[in-house]
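To start, the structure under review is shown below, and the notes come after it.
The values are calculated or read from the model by the stated rules, or taken from the named source; none is laboratory data. Just so it is clear, the model here is predicted, and its values are computed rather than measured. Quick reminder, even Gly has a Cβ in these numbers, built from the backbone with ideal geometry, and neighbours come from all protein chains shown.
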Amino acid sequence: MSTQDASTWHYGVIARWWAEFNTTGPEIDYFRPFVEAGQPALDVPCGNGRLLLPYVRAGLDVDGCDVSADMVAHCREAAEREGLAPNLYVQPMHELDLPRRYRTILVCGGFGLGTTYEQDLEGLTRLHHHLEPGGLLVLDSEMPYADAEAWHFWLKDKRAELPHPRPEPKKRRPGSDGAEYELRSRVLAVDPLDQSFRMEMQAFMWRDGELVAEETHLLTMRLYFRNELVRLLESAGFVDIEVRGDHNDAEPTGDDDFLVFLGRRPST
């Protein structure tokens, strides 16, 4: 899988949607202290700069990288509007090859998207390589059981109902550019042995009541349980691995939809 054929949907109209509407969230404040404690930092995948831009705006030394050239372009445009110029790169995690090493690397909401198991392990190995000795990786991951609707498709009789029919139209959202946007998603297939979901996203854009763009993109979502991800981190060379609750630094429980994983590159 290369940058050009990555199985993801973060392009075109969907990338515009993310740039317009996905700009906030509690993860911004949660990850910030890790960056403040260890710079330079890398945000991968940085997307439209949801985390990166507030950090750079605050004077923190943060670079960004994403598999989607469209998302990186939106991030760069938003930065330039504020007179900011962060280092931004277009590369998938499993091909990461940047000119710099970092004290902290953040992976927020992007692990296991559009990749194979082997690529995920290679991605963690590349992240390990890009850390300075003693540097910290902070990675969050949604647990497989977090989405109740999706969870029951692990059962054989429920998988027989797939693919889902295409959903009904949703309410359009007005963008700052004068256009209106709508996203529709559905589950196409579930592979319980591979622990992956095949998803379809449709994106629509209207101007002055006229449909001017309609796109369909696919995404494979690979899911990991806690202990699996810990073993992956160990295989990639990380030490002092910690697992925390849903962006709250508490001990994780089965009620946490997301877990946060911390791992260090050895100091020597």
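Brief remarks on what is shown
- Every residue from segment 20-32 that is crowded, with 17+ Cβ neighbours inside 10 Å and closer than 24 Å to TYR181 by Cα: GLU20
- Residue check for ARG100: in contact with a His (Cβ under 8 Å, 6 or more places away or on another chain) and assigned to a loop (DSSP other than H, G, I, E, B): yes
- Residues being over 20 Å from GLY112 (Cβ atoms), under 20 Å from the mean Cα position of the chain (by Cα) and either in contact (Cβ under 8 Å) with a residue 24 or more places away in the chain or not assigned by TED's automatic domain parsing to the domain that holds TRP18 (or both) are entirely absent from segment 229-245.
- Residues in segment 192-217 that are in a strand (DSSP E or B) and either in the same structural domain as LEU131 (by TED's automatic domain parsing) or surrounded by 14 or more Cβ atoms within 10 Å (Cβ to Cβ) (or both): 14 in all.
- In segment 258-268, residue surrounded by the most Cβ atoms within 10 Å (Cβ to Cβ) [restricted to those that are out of contact with any Asp or Glu (no Cβ under 6 Å at 6 or more places or on another chain) and of a type outside the set (Lys, Arg)]: GLY263
- A count restricted to segment 180-199 and to residues that are within 19 Å of GLU215 (Cβ to Cβ) and without any contact (Cβ under 8 Å) to a residue 60 or more places away in the chain stands at 8.
- The residue list VAL44, VAL35 contains one member that is over 13 Å from VAL72 (Cβ atoms), surrounded by 22 or more Cβ atoms within 10 Å (Cβ to Cβ) and touching a helix residue (DSSP H, G or I) at 6+ places or on another chain (Cβ under 7 Å), which is VAL35.
- Extreme residue, surrounded by the fewest Cβ atoms within 10 Å (Cβ to Cβ), among residues of segment 76-92 that are assigned to a helix (DSSP H, G or I) and of a type in the set (A, V, I, L, M, F, W, C): ALA78
- Single residue of SER185, SER176 found to be among the small types (Gly, Ala, Ser) and surrounded by 12 or more Cβ atoms within 10 Å (Cβ to Cβ): SER185
- Helices (runs of 4 or more DSSP H) fully within segment 110-175 that include at least 1 residues being touching a Gly at 6+ places or on another chain (Cβ under 6 Å): 117-129.
- Residue satisfying all of: in segment 57-75; touching a residue at least 24 places away in the same chain (Cβ under 8 Å) and within 15 Å of ARG100 (Cβ to Cβ); surrounded by the fewest Cβ atoms within 10 Å (Cβ to Cβ) among these: LEU60
- For segment 108-138, filtered to residues that are buried (at least 20 other Cβ atoms within 10 Å of the Cβ) and within 14 Å of GLU228 (Cα to Cα), the residue that is nearest to the chain's Cα centre (by Cα) is PHE111.
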